[in-house]
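Structure first, then comments.
Every read-out reported here was derived from the displayed coordinates using simple, explicitly stated rules and does not represent laboratory data. None of the values given here were measured: they were computed from a predicted structure. Neighbour counts run over all protein chains shown; Cβ positions are idealised from the backbone, glycine included.
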Amino acid sequence: MDQSRISATPPVLGKPLKRAFFARSVHEVAPDLIGATLLVDGVGGVIVEVEAYHHTDPAAHSFRGPTPRNLVMFGPPGFAYVYRSYGIHWCVNFVCEKEGSASAVLIRALEPTHGIAAMRRRRGQQDARALCSGPGKLTEALGITGKHNGLPLDAPPIALHARATKPDIVAGVRIGITKAVELPWRYGLKGSKFLSKAF
């Protein structure tokens, strides 16, 4: 099977998600994002994997309080929190819950559906499965950098669209962390070939 081939017709987008969507428990928002579509300047795809981070969680950036880096997490819900991981990759998170809660959802993987030529150019990668199968890969594919930190999730250049139907969702432990490793706060689209790692 040629994995570099992908559907030529992007799926029909659901209604736009507004900031109010994120003003709920991070544990409700995270699974509800599976199947939603994330676009940045028209480039993106269907969210197939996320992780939830709550302020009471030792693995959350906000656990020890506000810093210049994580300040967006302490603001109102519905904004992007973008940070550098290990000084190499950008990662994008969606701030959830009421202002001051400092909880967020890390977007881990997408199924590419829009602007695939741009993604391949940015990633230097033809295999569709490898374009967005990880938090650093998807930010590179979508052109997300530190300049997107603090931007609203319901205004250009970012657009989020609700899923059309409720998908089959699986849950498991989070990846690449050393604290609170037992918490089953990673959610994914069951059977997706675009995950960063199988469940």
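A few comments on the model shown:
- Taking the criterion of being part of a loop (DSSP other than H, G, I, E, B) and touching a helix residue (DSSP H, G or I) at 6+ places or on another chain (Cβ under 9 Å), the residues of the range 65-79 that qualify are GLY65, PRO66, PRO76, PRO77, GLY78.
- Total residues in the range 70-82, condition without any contact (Cβ under 8 Å) to a residue 40 or more places away in the chain and in contact with a Phe, Trp or Tyr (Cβ under 6 Å, 6 or more places away or on another chain): 1
- Scanning the range 88-132 for residues being touching a residue at least 60 places away in the same chain (Cβ under 8 Å), over 17 Å from the mean Cα position of the chain (by Cα) and under 18 Å from SER196 (Cβ atoms) gives a total of 2.
- Residue pairs whose Cβ atoms lie under 7 Å apart, sitting 6 or more positions apart in sequence or on different chains, and linking a residue in the range 48-64 that is over 12 Å from ALA104 (Cα atoms) and in contact (Cβ under 8 Å) with a residue 60 or more places away in the chain to a partner that is in a loop (DSSP other than H, G, I, E, B) and hydroxyl-bearing (Ser, Thr, Tyr), are VAL48/SER192; GLU49/SER196.
- For ALA159, the conditions (1) surrounded by fewer than 22 Cβ atoms within 10 Å (Cβ to Cβ); (2) of a type in the set (A, V, I, L, M); (3) within 13 Å of the chain's Cα centre (by Cα); (4) assigned to a helix (DSSP H, G or I) all hold with the exception of (4).
- SER85 vs. criteria of a type in the set (Ser, Thr, Tyr), in contact (Cβ under 8 Å) with a residue 12 or more places away in the chain and surrounded by fewer than 15 Cβ atoms within 10 Å (Cβ to Cβ): yes
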